[in-house]
1. Of the cross-linked pairs LYS177/LYS325; LYS140/LYS459; LYS46/LYS579; LYS140/LYS618, which ones have a Cα-Cα span greater than 26 Å in the structure shown?
2. What list of ³J(HN,Hα) values in whole Hz, one per residue of the stretch 588-605 in order, does the Karplus curve 6.51 cos²θ - 1.76 cosθ + 1.60 (θ = phi - 60°) give from phi, with Gly and Pro shown as x?
3. GLN511 versus ARG666, label points 7 Å from Cα toward the beta carbon: distance in nm?
4. For the stretch 121-138, in order, what is each residue's ³J(HN,Hα) by Karplus, 6.51 cos²θ - 1.76 cosθ + 1.60 with θ = phi - 60°, in whole Hz (x at glycine and Pro)?
5. Over all distinct alpha-carbon pairs, what is the Kirkwood Rh of the stretch 439-512 in angstrom?
6. Multiply the residue gap between ASP545 and GLU402 by 0.36 nm, knock off their C-alpha separation, and tell me the result in nm, one decimal place.
7. First measure r as the distance between the Cβ atoms of ASP646 and LYS270, then evaluate 1/(1 + (r/R0)^6) with R0 = 60 Å and state the FRET efficiency to the nearest 0.05.
8. Looking at the calculated P(r) for the stretch 164-247, what percent of the C-alpha pair distances fall above 15 Å?
Amino acid sequence: MRDLKSIPDEPRHLARIIITAILIGLLASASCGPERRAGEEGAEQKTYGVTQGSFRGRWWNHYERGLSYAEGKYWAEAESDLRAAIERRAEDQRRARTYGLHFIDYFPHRELGIVLYRQDRLEEAMAELETSLKTARSAKAEHYLDLVRKDWIELKKLDLRPPDIRIDAPLPDTLEKGFQVLVRGLARDDTYVKEILVNGTPVRIDLSTPEMPFEVTVPLKYGPNPIVVAATDLSGKTSVARLTVKCDREGPVMGIEEARMTGPGAVQLKGYVADESQVQDVTVNGRPLPIQPSGQVRLDRPISVKPGETRLLIRARDRAGNLTKADVDFAGRLDSREEAILLASLEVWPGLLSMTSTLMARAEVEPIRIGLAGWTADQAVFLDRALIEGHVRASKTVASIEINGKRVFIQPGRDLYFSHTTELKPGENRISVVVTDEAGRRAEQRFRVERKLKGVYRKSARLRLALLPPASQDASGGTDPSARDLIYRFVSQGDRFQVVDPAEVDRLISQGRLSVDDLGDREAAARAAQALGVDAALIGVVAGDGRAVDVYARVVDAETAEVVAAVDAYQEHAAGETKALACRALAEKLDDELPLIEGVVVKAEDKDVLVDLGADRKIKPGMRLIVFRDGKPGYSPATGMNLGADSIEVGRARVTHVGGQASTARVTELQTSRKIQAMDQAITR
């Protein structure tokens with residue numbers, strides 16, 4: 001090659017330009033890295049190590065190219081680019097600005113950790129994934145960190161025993177009378193707890209941890225209820241803790257054999273009180289009887305009565321707190337008011353009280369009589385449970401009493417009082433009481449109860465969301481209609497949120513009031529939510545292919561454009577169900593992050609209220625509250641029974657500051673002539 005000095009000036013200048021251009025080209029080529037092609041034999045070849053635009057050596061260029069290399073399993077090249085990206089921008093971040101108004105989800109530490117994991121460099125991978133989670137939590141990083149930890153534990157043989165489980169509540173053999181019980185405790189492991197199931201219900205664990213507290217509400221049925229807590233660590237070792245909770249929703253049964261005057265101011269009472277759980281106390285006309293708590297208490301004693309008293313009001317309570325009441329005249333006859341209610345109010349089936357006095361006089365035996373205090377044939381209530389207080393009289397010994405097909409505990413007798421509490425589901429509830437005597441004759445009473453939900457518990461009171469089309473981060477860009485359909489289905493099918501029809505959002509887009517390019521922008525999302533008349537917009541991003549799907553969503557307040565909650569979900573290798581499983585997990589996390597919970601107003605001053613809901617209940621700044629109180633209860637005109645009360649909305653508020661166990665909220669709406677007071681109730685929108 002000739003020396004440049006031997007070339008004349010003008011040609012020499014031209015040569016310098018050419019050589020410089022060649023060197024720049026070579027450097028650019030080197031900086032872009034080698035393109036790699038891979039693909040199964042016979043399949044279309046795909047090029048890896050590429051970027052969508054020009055490679056300019058910026059952090060986002062290295063990050064994008066590193067991801068491309070990783071997709072093709074070119075681990076060394078991917079590692080090099082991801083480390084270069086970290087040198088230029090160190091922290092993982094959601095929606096990191098590249099240039100202008102362009103944003104990307106930037107997770108170089110996470111992706112480097114995955115690349116290192118694929119090369120079995122476990123310790124390095126663990127460090128990178130932990131670094132990622134310190135700056136920007138993501139379900140994908142949590143997923144891979146658990147995989148790395150699992151392999152590391154197996155490699156080093158660190159897992160020596162299964163988890164330990166401590167159940168703090170309820171205590172073994174606890175007796176409850178409600179319809180649910182809170183199971184609370186702690187699981188601890190020598191490595192990491194990965195899964196906890198309480199009666200089959202999973203506890204949310206995003207990332208395995210050495211110890212994990214749990215709180216799960218378990219429904220109770222009448223009788224013994226097994227509580228089973230299972231904890232599994234990353235290595236698959238499982239331990240199980242068990243206890244039993246007994247549920248008793250029946251009051252003691254009372255059999256009255258005799259109640260007659262034996263002299264001035266004295267009544268002889270004979271009968272019994274029995275209960276499966278144990279009779280705890282008995283009072284007559286407000287005065288306690290000296291009894292020894294037991295399964296059956298014999299009543300055979302004189303009762304002192306005051307002048308003018310004609311009835312014995314007997315109250316018996318069991319160990320669970322259930323109460324049965326008997327109103328007995330001194331001759332042991334059926335209460336005349338109760339009989340009038342039966343004849344006038346309840347629908348009576350053949351064989352009950354339809355016989356005339358003439359027929360009864362001719363009958364060989366008196367028919368079975370069933371009295372149900374308070375209930376009419378058709379009743380609407382604002383109650384979540386029905387207390388059925390009954391009185392049965394028969395000429396032959398009563399063999400059984402059934403409520404909706406379930407036997408009530410009784411002892412033999414002809415004049416029995418009982419009580420039973422049954423849960424009312426929203427809407428129509430049909431209740432039947434069937435009594436059979438020892439001769440096989442049966443009598444039945446039925447009634448219908450419509451349970452109305454209080455206004456604040458109806459779905460119409462819940463937060464209204466508009467689901468914007470989630471952006472797709474695959475090569476095609478645009479939006480992901482299938483992901484939107486799945487998210488809409490899973491979020492709207494629950495009772496936590498109201499979600500407007502996606503067609504309403506599409507109409508905004510078609511009218512040009514919402515641009516597809518602005519779907520990830522908080523301000524644009526808030527404007528769209530306002531235009532649709534909803535409380536918040538749900539905006540999301542979907543990344544991945546059929547083998548792995550990463551879904552991320554934010555709830556943006558319509559008025560403030562602030563993010564109230566952000567959730568993500570990651571799913572791999574689910575045989576065609578990957579996206580559906582990821583979207584379902586996202587919806588479940590959204591319910592958990594914005595829970596439907598109630599509290600009490602502790603203090604009210606001017607425009608601020610203090611409520612006993614804090615971070616321990618997952619309250620967040622920006623969450624909306626309804627402040628309410630119960631209205632005046634209604635009463636049955638036929639029986640005088642309390643039918644419950646609807647809620648009265650006092651005002652609305654938005655949480656501004658969250659403490660550990662309490663929060664401050666700013667009043668945003670106040671109903672005319674009403675003022676928020678201490679002891680009002682609050683529920684999340």
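1. Details: LYS177/LYS325 17 Å; LYS140/LYS459 33 Å; LYS46/LYS579 23 Å; LYS140/LYS618 23 Å.
Checking Cα-Cα distances, LYS140/LYS459 exceed 26 Å.
2. 5, 5, 5, 4, 6, 6, 10, x, 8, 9, 10, x, 10, 6, 8, 8, 10, 9
3. About 2.9 nm separates the two model spin labels.
4. Taking θ as phi minus 60°, the curve returns 9, 5, 5, 5, 4, 4, 5, 5, 5, 5, 4, 4, 5, 5, 9, 7, 5, 8 Hz for the stretch 121-138.
5. Values: mean 1/r = 0.0618 Å⁻¹.
After inverting the mean inverse Cα-Cα distance, the result is 16.2 Å.
6. Values: separation 143, 0.36 × 143 = 51.48 nm, distance 5.73 nm.
Length gained between ASP545 and GLU402: 45.8 nm.
7. On the way: r = 46 Å, r/R0 = 0.76.
The value I calculate is 0.85.
8. Values: 1838 of 3486 pairs.
Counting every Cα pair in the stretch 164-247, those more than 15 Å apart make up 53 percent.
Bear in mind these aren't lab numbers, they're just calculated from the coordinates by the rules spelled out. The model shown is predicted, which means the values in this text are computed figures rather than measured ones. Every residue, glycine among them, receives a Cβ derived from its backbone with ideal geometry; neighbour counts consider all protein chains shown.
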